[in-house]
1. Rolling a 1.4 angstrom probe over the protein heavy atoms, how many square angstrom per residue are accessible across region 4-299?
2. Can you tell me the equivalent ellipsoid semi-axes for region 598-650? Use √(5λ) from the Cα gyration tensor, largest first, whole Å.
3. I need the shape label for region 242-313. Rule: rounded when a/c is under 1.5, else prolate if a/b > b/c, else oblate, with a, b, c from the alpha carbon gyration tensor.
4. If one computes the Cα centroid of region 247-325 and of region 472-514, what distance in Å separates the two points?
5. Which helices count as membrane-span-like in the chain under these terms: full DSSP H, at least 18 Å along the axis by C-alpha, Kyte-Doolittle mean of -1.0 or more?
6. Would you give the gap between the C-alpha center of region 399-451 and the C-alpha center of region 99-154, rounded to a whole Å?
7. So for region 339-436, averaging the separation of alpha carbon pairs under 8 Å that are six or more residues apart and normalising by length, what relative contact order in percent results?
8. Using amide H atoms built 1.01 Å from N in the peptide plane, name the residues 5+ places from LYS458, or on other chains, whose amide H lies under 5 Å from its own.
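The values are calculated or read from the model by the stated rules, or taken from the named source; none is laboratory data. Model, not experiment: these values are computed from the prediction. Neighbour counts are summed over all protein chains in view; Cβ atoms, including those assigned to glycine, are modelled from backbone coordinates with ideal geometry. Areas reflect the complete protein model, heavy atoms only, side chains present, ligands, DNA and RNA absent. Shrake-Rupley method; radii C 1.70, N 1.55, O 1.52, S 1.80 Å.
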Amino acid sequence: MRIHRILAMGMFFITLMANAENVIRVSTNQTDLVLKVADDGRLYQSYLGEHLKYEADLKHLPQGTEAFLTHGMEDYFEPALDIRHADHNASTLLKYVKHEVSKTEDGATQTTILLEDPVYKTQVQLYYVAYAEENIIKTWSEIANMEKKAVNMAKYASSMLHLTGGKYYLSEFSGDWADEAHITTTPLAFGKKVMDTKLGSRANLFTPPMFILSVGEPATEESGQVLFGQLGWTGNFRFTFEVDQKDGLRVISGINPYFSEYELKSKETFRTPEFFFTLSQNGLGQASRDFHDWARKYQLKDGQEDRLTLLNNWESTFFDFNEEKLLGLMGEAVKLGVDMFLLDDGWFGNKYPRKDDHQGLGDWEETADKLPGKVTALVEGAQKQGIKFGIWIEPEMVNPKSELYEKHKDWVITLPNREEYYFRNQLVLDLSNPEVQDYVYGIVDNLMTKYPGIAFFKWDCNSPITNIYSPYLKEKQQHLYVEHVRGLYNVLERIKAKYPKLPMMLCSGGSGRIDYKALSYFTEFWASDNTDPLERLFIQHAYSYFYPAKSICCHVTSWNRNANIKFRVEVAMMGKLGFDIKRADMTEDEAQYCHDAVVNYKRLRPCIMEGDMYHLYSPYEGPHVVNQFVDKEKKQSVMFTFNTNPRYGERNAPVKLRGLDADRMYRVREINLWPGASSWLGCNDKTYSGQYLMSVGLDVLTTHKLLSHVLEITAE
Ligand code: GLA
């Protein structure tokens, strides 16, 4: 191996030429991605699979397929990169120049490979950051225009991966408002399958940028080779899955090139979004736990910190509230035992008070007759009662009926020569414009400056980009989708820099905007406006493949009163617990039950929020859903059991637990019991070995509809 230079900057950093076999190896403890420089000087991906134990075997790997396929050369399948050079030549040929291996600040191993077009000098750097323990690889590309004139990029993917195995099953997550993240699995055959969005701001209304891909056979929770992929881009994305004539699968991930041909100036470099993936040899469960561990440690804002339980007023008041009512609700929050009161939409606007969703958005001054004491009275009211205060904003949007629109129509994305059309009666501000970025940043900064006691923001985004025209970008309209997202990141970066510990919920009319780049600025996200617990079992299940419980906001509401409050609370306890319900609608017992459940939840936080999650029974498989959480020391576990719609004569096998220490004794205790009730489960208050619990299991499923149990399992 030839070492070119060693830079000592407090971290390991070496520049290398490919070694004797021209092999570049990106490894985690479980996975290897092997790239080879062939005799033609080009870079090929020869392997992606289980970690190879013996270095000597690498030389046997086939050359494979060109790693980052370009348009205009010999491979006729979908390219990752498509550049129109200044002389209108549309071909790019990339040759290996060098690569570097270094340690990142967070201790991961970064491999950077430089490729260059010998004719046009276009440079492409491929980045691979490997998190060994968590088995996650983060990858992206950077494209530099070294020509004297501008070039146009028609396609500029973040990542291209090649899989072999002949059979592939793709699981996608799709839906709509209040109907998010249905999992559909389909086999991939010759040709292309594209998953993308073109919605701009509320980009994931129909589908989030994540997928699950089984190789060989459809993976189960415990078995099968499976790749989980996620793009960190809070805007239009595209995944292309293409099976070629040799049954090889090419997966291209990146910004959606739709209406986004990007002009790259001379000497300009374009950094593409990060694509995160894990390859599990042990099924879905392992991949999801690896994603959770990695996210808590490296990606999610304040991933290792606690989260605040809360009472939100949205469903109990909608827009109909005043100071007195809110102070009253704070009292209810205190009785519930939660940490915070969250004031939702409807607190702002004076010329056009926000009395419904038709007006006021953009005018972030408290409505005088609703809130005479302003936010001060609310922050102080909360503090007096010993809880925190959080507030809702939707800072990227504007109602045409607002002072902001009247003053600054030039800040709004809207077509100059057509009648406007609206999504939820609103329009999107033009975040490509730095003045607008300042304004949006100022909404949070002004509130925090005036009211430093604000402890939390719920940041909403209820409209896709409509009337697609940026007054700021003028003749560069095709940059709108990209610059809009970059503008959003500028704002969020500034907020994070000034208020590093401020927790924020990412909301978009439910989870219409959700990805791991956004979650580097947000501590949590609102999974759906649909809080019917039966629906939530599905929605939360889907998101729990990628996101840890502490990031998924789950509120108890009055949706689906056929399910009792116990069932509703227990579904919400599997995520970040909150309430959005009126105390006045509850009986004494119900209120007492909720209070006790909050106490239990707070005790179980290390297990639910920081522990390992096991999907024991999926809602997709039948009328029972069981999830288990185990803390990292295997001392405490909690199992949530839901009987949704079982048959009368159904016979159920015992539920086998997972993740415990086989050689330890555990006491099983049913918790979250109804006030005054005692458990009728045979396993309650008994002691079992971990081995028994995992290989024989507990008889906890019943044929009662909408019945739930929570078991706390504690090592003795
Ligand atoms: C969106 C959110 C809701 C609520 C409303 C307020 O729909 O998803 O939770 O905040 O906006 O208008």
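1. Accessible area per residue: 38 Å².
2. Ellipsoid semi-axes (Å, largest first): 26, 12, 8.
3. oblate
4. If we compute the Cα centre of each part, the gap is 13 Å.
5. Qualifying helices, which must be both long enough and hydrophobic enough, are 323-336, 434-450, 480-498, 588-610.
6. Each part's Cα centre sits 36 Å from the other's.
7. Normalised by residue count, the contact order of region 339-436 is 30 percent.
8. Result for LYS458 returns ILE391, TRP392, ILE393, MET505.
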